[in-house]
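Following: one structure in structure tokens, then a few remarks.
Nothing in this text is a laboratory measurement; each read-out follows from the coordinates by a stated rule. Computed from a predicted structure; not experimentally measured. For neighbour counting, all protein chains shown are included, and Cβ atoms are generated from backbone atoms with ideal geometry for every residue, glycine included.
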Amino acid sequence: MLSRVADSLYWLARYIERADNLARLMEVNLQLLLDFQDLDDIKLREHWDPVIRSTGDEEKFYELYEEANSQTVTDFLTFNKSNPNSVIGCISGARENARMVRDQISSELWETLNNCYLFLKSNDAQNVWDSGAYEFYDRIKDYSLRFQGLTAATLPRDECYDFLQFGRYIERADKATRMLDIKYHILLPSPQDVGGAEDAAQWIALLRAASAYDAYHAQYLANIDPVHVAEFLIFSENFPRSIRYCVQELNARLHNVSGCPLSKYSNDAEKLAGKLLSDLTFSNVQDVINYGMHEWLDNCQERLNEIGGATYQAYMFQKPVDLAEEIQQQQQQQ
Amino acid sequence: MDLSAYQTDNFFDEMFSAPGVVRPHYQKVMERLQSLNLKEFEQKQQAVDLLFLRAGVTFTVYSDDQGTERIFPFDLMPRIIPHDEWAFLERGLKQRIVALNCFLHDIYHEQKILKDGVIPPSYVLSAKHFRREFVGSDVPKDIYIHICGSDLIRDKDGRYLVLEDNGRCPSGVSYVLENRQAMRRAFPNLFPNAGVRAVENYADRLLKMLRNIAPRGQDNPTVCVLTPGVYNSAYFEHCFLARQMGVEIVEGRDLLVRDFKVYMRTTKGLQQVDVLYRRIDDDYIDPSVFRPDSMLGVPGLVNAVRAGNVALANSIGTGVADDKVMYYFVPKMIKYYLGEEPILDQVETYLASEEKDRKHILANLDKLVVKSANEAGGYGMLMGPWAEKDEIERFRVAIEKNPRNFIAQSPISLSRHPTWTPETEQFEGRHIDFRPYILYSGPDDISIVPGGLTRVALNRGSLVVNSSQGGGSKDTWVLYGND
């Protein structure tokens, strides 16, 4: 596979997963506001500030808007074309990459993505939005799910599939750390200090955003406990949106590409992914709390970035050709 | 749908021999159309448009800074060619492509046609796309034009005329295949009994042709489509063909030349490439030989071609055959190389660099169509009868300054075809042309896909069929029989 193609497949999947996560984040946070009492500007800001921070685009946001409220955050993360990490920015980015690799993916995959793009550009998108943010974000999630389903149903399990899945899981793991980080302050070393009905609602929201509410209950029964929620979203072995599960998957994809057994590594990407996976396998939520939840999540994000960087070096990066030098050399051979 | 009011207006009409009289090979389509009402027809048209948009069957509009993608408007009324007519076209096109390949081989080797005085040498040597540095170099199997897309038109008597040959990178074949698929979806029941020949194996034949020119006769050569990139207006087609053939689509930056061999940069390191179906013009293909500012090309590609380590389709230097001055000489080439009379006629042409012709051209600028020798896509053209006075004068100055660069032709009254006109909600006659696609693997191995791209000028009275200037397209049916 061409290196350029691998790079495009990786970003194609990342962008779709990013749009999907944004839709989940926004939907849940807009819902949450409905549960608040005595909502004032300060409370609103306290609510939205961490959301913006979690996307990592805080600076850009405050360049464009004066304050964080439902309207500005929604606009920034959904429709703002100058934000490449808005829903519309992500879907456009995914489609641009898909155009470059159209010969590699199935027509069904391409058409689904193209339809999503056309939907976002059409008046229909505005109509759906007007009838409710919930419907709108649901539609985006729907497209993403269809994309995932078609990836599973229409692609051969080859390098193309591996790079798509690698992109998806690294993005999903990254976003999981960011979503948890929104609530990290509750999990300071003595969690008893905070709590209350509003917090419980927020933890439930977090579970819902990860489509994890039902799976969580199946494992922990009715009890919504912050420590359990964090444990589930970080360490679950079999829930497909937990950080550990994502790292397990992306590690497997990397080994599939190289053909190197899971017990060994053949490049830095595999080495880093294996180490992160082993840390996730051989620690528990108490270790995270002792380390400091925020610090731990930060460190995890950092390591995911390193895995992404090492993968780029291993498969996608090609030393840029110095055209002038190349031309000169070739002319000497003529 | 009712076509009883349809007017042929003194043009040759493909469907009606006279108002109300349908040609026999259009009878089945006519019956099917009559069974539809307006609403059903419009629904089918909308469904097809939506299909193209969703599948992303689009071209990029350059003039628009947003890089907008548009669909190539598609008209549901098919253009139909009966068997005998097609057999005639096939014979004529084959004769022409053989002669063109003989000509290209000759001018890049012995130049007998010049020495024998059939074509004045200065015309060839001064041609913009004549690559003198390739004189004496061999190409695999002596084939220069592998893929040809000659443009054909019909005059007021229905006579087919070759308008130009397009021996470089003719585009549009993806629309032939997509249009057919759209028609099958819109009229599923019509096809089984309409006797339409299939076009679907084009990609198979293309791949077979490309593998045939692999260096050293390899069994399993690596074939790639070389594209200028995602922003090229024909990118969709490049991708489409690569996908249909199951080969990689590469850009210049994916390729690298080392030791006179071409490699692509893959996740597993460098992999050698044997055949390139290149959709980049000569000028841009290798900045170490041609335009040094080209960012699209691959430095050293020409070295690799000369060393015989990679084959290109089409070969370098075919552009000289697209020169409109050379077009004038094609009938002479056919006689010279094949000893045959040309089967297909072409448009009567005057060369501005011949004194007698030039006088005629300058005296009749308001009656002739003047074309630049090396422009395509409807650019660099003067349509005398419809032109403003100052435009005519501009051409007069340009012709006198550089006569080699111009030819003139009498305007042809292009044939018309009933075409759906949404504004009036009825079928009206619109001018059409036709581009068949010819794959050449040698004089005895020529394959022409039974069909082709029929382009239609959608604006009333317009003769311009280019997609960038208000053109659309139709599915083209070649029939097994004659009705």
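Miscellaneous remarks
- Our summary of shape: the Cα atoms of region A:157-317 have principal axis extents of 49, 29, 25 Å, ordered from largest down, in whole angstrom.
- Chain A, relative contact order [Cα under 8 Å, separation at least 6], %: 22
- From helices alone, the protein assembly as shown scores -14500 deg cm²/dmol at 222 nm; the rule is -39500 (n - 2.57) for each run of n ≥ 4 DSSP H residues, then divide by the residue total.
- Set of region A:61-89 residues, backbone N closer than 16 Å to the point 7 Å along the Cα-Cβ line of residue A:38: none
- The charge dipole of the protein assembly as shown, taken about the Cα centre with unit charges on the Cβ atoms of Lys, Arg (+1) and Asp, Glu (-1), comes to about 2820 debye, rounded to the nearest 20.
- Projection of the Cα convex hull of region A:237-334, averaged over all directions and equal to a quarter of that hull's surface, yields 9.2 nm².
- When only the Cβ of Lys, Arg, Asp and Glu is charged (+1, +1, -1, -1), the dipole of region A:1-123 relative to its Cα centre reaches about 720 debye.
- Projecting the Cα atoms of B:408, B:462, A:71 onto the charge dipole of the protein assembly as shown, computed from C-beta unit charges around the Cα centre, puts B:408 farthest toward the positive end.
- Label-point gap, in nm, between residue B:444 and residue B:198 - each point 7 angstrom along Cα→Cβ: 2.7
- Taking only the Cα atoms of region B:322-479, the radius of gyration and Dmax are 18.1, 52 Å.
- Taking 7 Å steps out from each Cα toward its Cβ at residue B:268 and residue B:208 produces label points 2.9 nm apart.
- Note on residue B:21/residue B:128: beta-carbon distance plugged into 1/(1 + (r/R0)^6) with R0 of 30 Å gives a FRET efficiency of 0.05.
- Note: relative contact order over region B:140-288, using C-alpha pairs below 8 Å and six or more positions apart, is 21 percent.
- Whole-percent pair-distance distribution, where bins are 10 Å wide, for the alpha carbons of the protein assembly as shown: 2, 11, 19, 20, 17, 13, 9, 5, 2, 0, 0
- Of A:248, A:269, A:314, farthest towards positive along the dipole that unit charges on Lys, Arg, Asp, Glu beta carbons give region A:234-334: A:248
- Charge dipole (debye, nearest 20) of chain B; +1 at Cβ of Lys and Arg, -1 at Cβ of Asp and Glu: 760
- Charge dipole (the protein assembly as shown, unit charges on Cβ, about Cα centre) - positive-most of B:338, B:328, A:86: B:338
- Peptide A:320-331, shielding by other chains (average Cβ, 10 Å cutoff): 6
- Against chain A, whose longest principal axis comes from its Cα atoms, helix A:3-35 is set at around 10 degrees.
- For region B:349-411: rounded, prolate or oblate by the Cα gyration tensor [a/c cutoff 1.5]: rounded
- On the beta carbon distance between residue B:425 and residue A:111, with R0 = 41 Å, the FRET formula returns roughly 0.85.
- Relative contact order for region A:157-317, counting Cα pairs under 8 Å that sit 6 or more residues apart, in percent: 31
- Distance (nanometres) between label positions extended 7 Å along Cα→Cβ at residue A:306 and residue A:329: 3.3
- The tail of the calculated P(r) for region A:1-155 beyond 20 Å holds 51 percent of all Cα-Cα pairs.
- When the convex hull of its Cα atoms is projected in every direction, mean area for chain A (nm²): 20.6
- Between the beta carbons of residue B:259 and residue B:135, assuming R0 = 35 Å, the FRET efficiency works out to 0.85 to the nearest 0.05.
- Residues of region A:156-181 with an amide N closer than 20 Å to a point placed 7 Å from the Cα of residue A:299 along the Cα-to-Cβ direction: A:173-181.
- Per-peptide average of other Cβ atoms within 10 Å, ordering B:168-180, B:340-352, A:22-34 highest first: B:168-180, A:22-34, B:340-352
- Based on alpha-carbon atoms, the Kirkwood radius and the radius of gyration of region B:127-222 give Rg/Rh equal to 1.08.
- Overall dimensions of region B:245-334 by Cα: Rg and Dmax, Å: 15.1, 52
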